[in-house]
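S.K.: Before I ask anything, here is the structure I am working with.
The values are calculated or read from the model by the stated rules, or taken from the named source; none is laboratory data. Because the structure is predicted, anything quoted here is derived from the model rather than measured. Ideal geometry is used to build each Cβ from the backbone, glycine not excepted, and the neighbour counts take in all protein chains shown. Accessible surface is based on the protein model in full, side chains and every heavy atom, while ligands, DNA and RNA are left aside. Shrake-Rupley method; radii C 1.70, N 1.55, O 1.52, S 1.80 Å.
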Amino acid sequence: NRRKKKDDNILEIPSIPNPFPELCCSPFASVLSASLLPKATSRKKQVIKVYSEDDTSRALEVPSDITARDVCQLLILKNHYIDDHSWTLFEQLTHTGLGRAIEDHELVMEVQSNWVIEEENKLYFRKNYAKYEFFKNPLGFFPDHMISFPNETNAAVSHAGILQMFLSSSTYPEIHGYLHAKESGKKSWKKLYFLLRRSGLYFSTKGTSKEPRHLQFFCEFSNSDMYMSLTGKKISGAPTIYGFCFKPNKSGGTRDLKQLCADDEQSRTCWMTAIRLLKYGMQLYQNYMQPYQGRSGCSPLNITPMRSISENSLVAMDFSGHRSRIIENPTEALSVAVEEGLAWRRRGCLRLSSHGSPIAMSNVGMSIHRSQSWFHHKISREEAQRLILQHGLVDGVFLVRDSQSNPKTFVLSLSHGLKIKHFQILPLEDDGKLFYTLDDGHTRFTDLIQLVEFYQLNKGVLPCKLKHYCTRIAL
């Protein structure tokens, strides 16, 4: 009766005629019927915690096979951010002072499985404009003095050709140069000549000799991850601040780290970019191309510096008549641009005139910029450099901050040529009105917003235009 009651609770499946009645008496009938039924696949879910730059965090319940790109897409949707393909999941190892941008295809749970519980490591959600910049502008990533090619390769290789050689399985350019390496079991560092080849990273035991008998194996990358040093010289005692290292996936501590440091940022960027290409190869290019799938001109053999759609469509237009027209004469276009610039400046000078007195106008001009995402109030020079480095050393990454040496001035911190430069924004009073300038008064602006907008469109006295601003997002 108990079994009958239990069977009554199960929904009755309508009978289906059996086209093979001879199988009914077969002992394998139950096995066959079970194998024909679809199996329910269950994906395990786990909870991860992701932090932002302002130390806010968000807990997400995600499947165990979720990738870093999928986590970023989920956070973009939940927070209503604009997806410009630069969002990145960043792994920070608190105890060792190391960090790295997790590749888009990596499984987040596999990354966390290598963590030690007591170290309190964190995942950060932030922008990284330099993630795939070497595909767009390889010129700044592989300097000629650090790269050489196989003997059978023609010496004149374009930088786009260099990338194709990195992605090819048959050829691979050699990266070489001096690096400081921390000696195993010691606190001392030694400067050695290193060579990066497809089989791994080597150093020469005799000067710059590349003979096989003088080369000693240093590290391979299949079972280790590459990290950047976030603490400079504090923990490792490195001779420079441009440190990076290799950490085995199942490492228990700092004793297993292979630590290196370069003499400058260009050298470190070259080494780390080449090692990424060596380890992941075409997977990196697929990650880069995924947002552009379906667009014209994006074939695997077309690795050219990509320009934005808006940049490609910028033309000089004349709207003064009944019908608009494109200005094709360069001289006419230049004169129109100058005239529009002067009119724009005149409008800017009258922008705050409704506030009455010059004092009221200056007070509004002093505070209007504080609501902007690119403005960072009282942060130090070192903190500004750290923020820009986290966002990627791409030309045009910037922020504006208060000057610590002069309370009445501001500082524009800008990335250019893999270096961070600082420009002082000076206040200037003329005829009872307050202006701001970067070039000793030649170009004046009524507030910082106008200044930033101008240099986003014009290079002026800066080495490049302002392109990407650093911001502290909240989750």
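S.K.: On the basis of being closer than 30 Å to His80 by Cβ, touching a residue at least 40 places away in the same chain (Cβ under 8 Å), open to solvent by less than 30 Å² (accessible area, probe 1.4 Å) and more than 26 Å from the chain's Cα centre (by Cα), does Leu448 make the cut?
M.R.: Working: closer than 30 Å to His80 by Cβ: yes; touching a residue at least 40 places away in the same chain (Cβ under 8 Å): yes; open to solvent by less than 30 Å² (accessible area, probe 1.4 Å): yes; more than 26 Å from the chain's Cα centre (by Cα): yes.
Against the criterion (closer than 30 Å to His80 by Cβ, touching a residue at least 40 places away in the same chain (Cβ under 8 Å), open to solvent by less than 30 Å² (accessible area, probe 1.4 Å) and more than 26 Å from the chain's Cα centre (by Cα)), Leu448 qualifies.
S.K.: From (1) of a type in the set (Gly, Ala, Ser); (2) farther than 29 Å from Gln259 by Cα; (3) crowded, with 19+ Cβ neighbours inside 10 Å, pick out the condition that doesn't hold for Ala59.
M.R.: Only one criterion in (1) of a type in the set (Gly, Ala, Ser); (2) farther than 29 Å from Gln259 by Cα; (3) crowded, with 19+ Cβ neighbours inside 10 Å is unmet by Ala59, namely (3).
S.K.: Kindly evaluate Asn151 against the criterion of being surrounded by fewer than 16 Cβ atoms within 10 Å (Cβ to Cβ) and either at pLDDT 90 or above or in the same structural domain as Ile235 (by the TED database) (or both). Quick ask: steps written out before the conclusion?
M.R.: Values: surrounded by fewer than 16 Cβ atoms within 10 Å (Cβ to Cβ): yes; either at pLDDT 90 or above or in the same structural domain as Ile235 (by the TED database) (or both): yes.
Judged against the criteria, Asn151 is a match.
S.K.: Residue under question is Asp70, and the condition is that it be out of contact with any Lys or Arg (no Cβ under 8 Å at 6 or more places or on another chain), open to solvent by 30 Å² or more (accessible area, probe 1.4 Å) and in a helix (DSSP H, G or I); does it hold? First the steps, then the outcome.
M.R.: On the way: out of contact with any Lys or Arg (no Cβ under 8 Å at 6 or more places or on another chain): yes; open to solvent by 30 Å² or more (accessible area, probe 1.4 Å): yes; in a helix (DSSP H, G or I): yes.
The answer is yes for Asp70.
S.K.: Identify the single condition in (1) out of contact with any strand residue (DSSP E or B) (no Cβ under 9 Å at 6 or more places or on another chain); (2) closer than 27 Å to His376 by Cα that Phe90 does not satisfy, given that it satisfies every other one.
M.R.: So the condition that Phe90 fails would be (1).
S.K.: Give segment 92-124 a look and list any residue that's hydrophobic (A, V, I, L, M, F, W, C), part of a loop (DSSP other than H, G, I, E, B) and surrounded by fewer than 20 Cβ atoms within 10 Å (Cβ to Cβ), or say none.
M.R.: Once the filter is applied, which keeps residues that are hydrophobic (A, V, I, L, M, F, W, C), part of a loop (DSSP other than H, G, I, E, B) and surrounded by fewer than 20 Cβ atoms within 10 Å (Cβ to Cβ), segment 92-124 yields Trp115, Val116.
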